[in-house]
Structures are given as structure tokens and as C-alpha cells.
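Encoded as C-alpha cells, the structure appears first; notes follow it.
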Amino acid sequence: MTHLITAAELAHEIEDVVVLDVRWALTTANSPAGREDYDAGHVPGAFFVDLDTELAAPPGDGGRHPLPEPAVLERWLRRCGITEHSRVVAYDGRESYAAARAWWVLRWAGVPDVRVLDGGYAAWVAARLPVSTEDAADRHGDFEVRRGQLPTLDAAGAARLARDGLLLDARAPERYAGETEPIDPVAGHVPGAVNSPTAAWLAEDGTFRRDLAEVWKRVTVGRDAQAGPVGVYCGSGVTAAHEMLALAVLGVDSVLYPGSWSEWIRDPSRPVATGPQPG
């Protein structure tokens with residue numbers, strides 16, 4: 001299955017797909033910035049989706065972005081007119097971090113055909129395609145959420161995978177090393193996890209790199225990439241989904257730890273490792 005779509009391809013198919021605008025940034029979480037961007041201009045017909053309230057449950061024991069409640073998810077999926085047969089395209093501003101969260105959550109809920117606009121809204125504008133400032137009119141879809149269509153890891157599963165398989169930490173190297181932690185109260189990483197910053201999978205223009213296989217080769221150097229399952233976590237399960245999207249493009253299956261670091265550190269008995277990536 002193709003997980004990415006170009007701006008030109010989306011323009012060609014736009015009458016036949018449901019388009020979701022998921023513009024969001026970690027630095028603007030819990031602010032209306034994403035909605036303001038949508039109001040200023042968006043892909044015609046796109047529905048705005050709020051990552052913090054519609055693609056995640058409220059922060060709590062499950063971390064900063066727990067998986068959304070099925071009823072909340074189902075309500076907005078239906079508002080967007082999504083059915084069992086819908087083809088869905090998600091985009092955000094540029095790098096596809098938030099769009100990848102939508103891509104993963106919708107597939108977890110059972111939506112079979114979800115793609116991400118490579119390069120986001122920036123790619124759409126760069127292609128000089130039309131934009132709109134009109135809100136998409138509510139539709140009446142009938143999609144029924146079937147949570148759990150993708151596997152997930154809990155903290156214990158993440159610990160086992162870090163020990164016996166391959167657990168990737170998608171955060172920046174300095175956060176992995178525990179040198180700085182601007183968001184969560186404890187710095188460091190899950191012991192045994194391998195640092196694989198998700199930004200390394202992107203080209204300068206915010207699209208996915210064309211040499212993803214080479215990036216994967218560097219991540220797995222000295223390791224057997226086929227030895228077992230691959231798990232991914234980040235701070236709260238958003239950018240981890242972006243790395244999983246890159247792996248999916250390569251045909252590599254991976255499993256999300258939704259609670260990620262923000263859940264891991266809620267239990268003080270869980271070990272914390274610091275220091276840079278070995279080797």
C-alpha cells in the first residue's frame with residue numbers, strides 16, 4: 001500500500017478523497033494556532049482536526065497524548081463523512097509529524113486507506129494549487145471505530161523489546177541522552193533503546209528522504225534488522241508515528257508505544273538511562 005501522496009496526486013484525486021488538516025506543533029500545543037492556520041488558508045474541502053483533543057485523550061497516566069476515546073474519534077470521523085470505503089489523506093504544515101499521528105490513529109481505529117501528503121501544506125502551496133478559507137461543511141459518515149486494529153506496546157512490552165529486540169527512540173539526540181528535557185520532568189531514555197531521530201528521515205523541504213533505505217541501514221548498523229519486531233516511542237507518541245510512517249514506506253512493520261517517554265517516567269520504579277547512543 002502507498003502511504004504517501006504528492007501534492008500533484010492529491011490535486012488529481014481531491015474529489016474522491018476525504019482530506020484532513022492536522023496542522024499542529026509541539027510548541028503550540030493546547031493553543032488555537034493550528035486552527036488559525038486552517039482559517040488563513042487550507043486545501044479546498046479539508047476538515048480541520050485538532051490533535052490534542054481529537055487525536056488524543058486528555059493527558060494523564062497514559063502520558064501527554066494517550067490514544068483517543070473511541071466515541072470522540074468516531075464522532076469526528078463521521079463529521080468528516082468517513083465511511084468504510086473512504087480514502088483519506090492527512091496533512092500538516094510541512095514535516096508530517098502531526099499528519100503521521102492521524103495516519104496511525106485512523107488505521108488503529110480501522111480506517112483502511114489513509115495516506116499522508118508528503119511535504120504537507122507547504123508542498124501544496126509550493127505547487128501553486130488552489131487554497132480555500134471556507135470551512136468544510138459537516139458530512140454524515142457512518143464509520144464505526146474498531147480500536148486495536150494495529151498492535152501497541154505498553155511499558156512492560158517496551159522494556160522487553162529494548163532488551164530482546166529493537167526499540168527506537170525517535171526524539172532528538174540531546175533528549176535521548178538526557179542532556180536536556182524541555183517538556184517532560186525527567187530526562188533520559190528507556191534502557192536499551194536505540195536513538196533514531198525522526199528528523200533524520202526528512203529532506204530539507206520537509207518531504208521524506210528518497211534514500212530512506214540508507215537511513216534505516218545506519219540505524220540498524222551492527223544489528224539484525226530482521227531479527228524480530230521493531231518498536232518506536234518518542235515523548236508522547238506523535239513523532240514516533242512519523243518514524244513508523246517512514247518505516248512503512250520501506251515495508252518495515254513497527255509497533256507504537258503510545259504512552260512513550262511521558263508515560264514511562266510516571267512510574268519512578270522504571271529505570272532511566274542517560275548518555276549518548278553507543279557507537
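Each reported figure results from applying straightforward, stated rules to the coordinates on display, with no laboratory input. The shown structure was predicted, so the numbers you read here are calculated from the model rather than taken from an experiment. Positions of Cβ are generated from backbone atoms using ideal geometry, with glycine treated the same way; all protein chains shown enter the neighbour counts.
From its DSSP helices (H runs of at least four residues, each -39,500 (n - 2.57)), the chain gives a residue-normalised ellipticity at 222 nm of -8500 deg cm²/dmol. Here each label is just a point 7 Å from Cα along the line to Cβ, and for residue 131 and residue 250 those points are 3.4 nm apart.
Across the stretch 223-266, the residues whose backbone nitrogen lies under 11 Å from the label position 7 Å along the beta-carbon direction of residue 181 are 261-266.
For the stretch 155-264, give the share of DSSP beta bridges that are antiparallel, in percent and rounded to the nearest 5; count only bridges with both residues there. Close to 10 percent. Between residue 13 and residue 83, the contour length at 0.36 nm per residue exceeds the Cα-Cα span by 23.5 nm. Listed peptides 174-187, 204-217, 112-125 appear in the order 112-125, 174-187, 204-217 once ranked by packing, highest mean of other Cβ atoms within 10 Å at the front. Annotation for the stretch 57-79 versus the stretch 101-129: alpha-carbon center distance of 19 Å.
In terms of the Cα gyration tensor, with a ≥ b ≥ c the square roots of its eigenvalues, is the stretch 4-126 rounded because a/c is under 1.5, prolate because a/b exceeds b/c, or oblate? In terms of gyration-tensor shape, oblate. Sorted fewest first by neighbouring Cβ atoms within 10 angstrom, 236, 260, 269 come out as 269, 236, 260. Near residue 167, the amide H atoms lying under 5 Å from its own belong to 194, 231; only residues 5 or more places off or on other chains count, and H is placed 1.01 Å from N. Taking amide H positions as modeled 1.01 Å from N, with prolines and chain starts lacking one, the residues under 5 Å from residue 24 and 5 or more places away or on another chain are 93.
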